[in-house]
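Here's the structure we're looking at; comments come further down.
The values are calculated or read from the model by the stated rules, or taken from the named source; none is laboratory data. Note that the coordinates shown come from a computational prediction; the quantities given were computed from them, not determined experimentally. Here the Cβ is made from the backbone with ideal geometry for all residues, glycine too, and neighbour counts use every protein chain on show. The area values use the complete protein model at the heavy-atom level, side chains included, leaving out ligands, DNA and RNA. Shrake-Rupley method; radii C 1.70, N 1.55, O 1.52, S 1.80 Å.
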Amino acid sequence: MFKKTFIFFLLFYYIFFKHPLISRADYSSLKIEYSQKLAEYNEAYSDYQIARGSYLTYKTLAALTQALEKSKTYLTKRDELIIKHFELLKEKSNSKIADGEITFYRSHLSLITAIATLKDIETVAKKAEDQIPISNVRSKQILGQILISKVQEINNSYSNIINETSGLEAKIMELKKSGKNTDKLERWLVEVKNKKMLCETLLAQVNDRLNALKGNSASVEKDFNEMRIDISQANLYLKEGANYIKEILEEIKYD
């Protein structure tokens, strides 16, 4: 479970703080906070592993006491990291899904404080471990929506540019009537509109797939990675469309 949990956090760190669609400047302090929580989690897990090994080897009261203490610290740091994870997502998305996850893990923290035996640890840990795959899916859904919204913002600007350059079509027709070969310009103008349509269609498909996201950890990671690629492709469509507009303006400028 540790490996799956760590991959969950590591992928989030990479996507949330490194993705080109997400502004890094807005998250400098949050990145530090999250990095600190992740470091605390890793340290707590390492201490837990050592204490657990010592107890299994020696079976002494002192080893048991140490194992209980380190186990509680590890479970606490894991919950705190997951809470920070969803707080970051909520800050960017204002997602009610994030609220539900934060509430669950805050409640789970109170169970950890009551742990008194190794059996308690197993029971309390299982509650979180049963939730983590669900949290992983919900995290991906929120993060996917954040990335989609970034492309949608760009698409809105792209639409405004198209509206502001609506006279291009009339200008091209003028050039055509004057005898200039405008086949290339007309083709580019069609591409400008096609790229917008391709972007919007792809984003709608990704949104549907995000809402239907489910399954085990491996399939979720695979599906989400494919969706991220599609979101990047949607963004690329808009860049390509913008380049066509630029080319049209350059051509017209010299006529």
message: Tell me the angle of helix 61-93 to the major Cα principal axis of the chain, expressed in degrees between 0 and 90 and rounded to the nearest ten.
response: 20 degrees
Shape category assigned to the chain from the gyration tensor of Cα positions, a/c cut at 1.5: prolate
task: Round to the nearest 10 and give me the degree value, 0 to 90, for the angle of helix 167-177's Cα axis relative to the longest principal axis of the chain.
output: 30 degrees
message: Could you compute the longest span of the chain free of trypsin sites (Lys or Arg not before Pro) located in DSSP loops and having at most 16 other Cβ atoms within 10 Å, not counting the site residues?
response: 60-179
message: Between helix 96-113 and the chain, what is the angle of the helix's C-alpha long axis to the longest principal axis, kept within 0 to 90° and rounded to the nearest 10?
response: 10 degrees
Extreme residue, positive dipole direction of the chain, given options Ser217, Leu147, Ile32 (C-beta unit charges): Ser217
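For region 166-255, compute the orientation-averaged projected area of the C-alpha convex hull (one quarter of its surface), in nm².
Details: hull surface 25.7 nm².
Projected area, direction-averaged: 6.4 nm².
At 222 nm, what value in deg cm²/dmol follows for the chain if DSSP H runs of at least 4 each add -39500 (n - 2.57) and the sum is divided by all its residues, to the nearest 500?
The helix-only estimate for the chain comes to -31500 deg cm²/dmol at 222 nm.
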task: For region 94-110 and region 197-255, write down the distance between their C-alpha centroids in whole Å.
output: 31 Å
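Kirkwood Rh and Cα-based Rg: tell me the resulting Rg over Rh for region 85-162, rounded to two decimals. Intermediate results must be reported in sequence, preceding the final value.
Numbers: Rg = 18.1 Å, Rh = 14.7 Å.
Taking Rh as the inverse mean 1/r over Cα pairs, Rg/Rh reads 1.23.
For the chain, what's the relative contact order in percent, using C-alpha pairs closer than 8 Å and at least 6 residues apart? Could the numbers behind the result be given before it?
Numbers: 198 pairs, mean separation 43.8, N = 255.
Normalised by residue count, the contact order of the chain is 17 percent.
Roll a 1.4 angstrom probe over the protein heavy atoms and tell me the percent of accessible area of the chain that is carbon or sulfur.
Details: 7460 of 13950 Å².
Here carbon and sulfur together make up 53 percent of the probe-accessible area.
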- request: Could you quote the convex hull projected area for region 43-98, Cα atoms only and averaged over all directions, in nm²?
  value: 4.3 nm²
Relative contact order %, region 27-160, counting alpha carbon pairs below 8 Å whose residues are six or more apart: 22 percent
Contact order normalised by residue count of region 141-255, Cα under 8 Å, 6+ apart, percent: 41 percent
Fluctuation leader among Asn163, Asn225, Asn211 - the chain, Gaussian network, Cα springs under 10 angstrom: Asn163
Alpha carbon Rg of region 157-203, scaled by the compact-globule rule 2.2 N^0.38 Å: 1.31
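What percentage of all Cα-Cα pairs in region 25-67 are separated by more than 12 Å? Show your work: numbers first, answer last.
Values: 581 of 903 pairs.
In whole percent, the share of Cα-Cα pairs in region 25-67 beyond 12 Å is 64.
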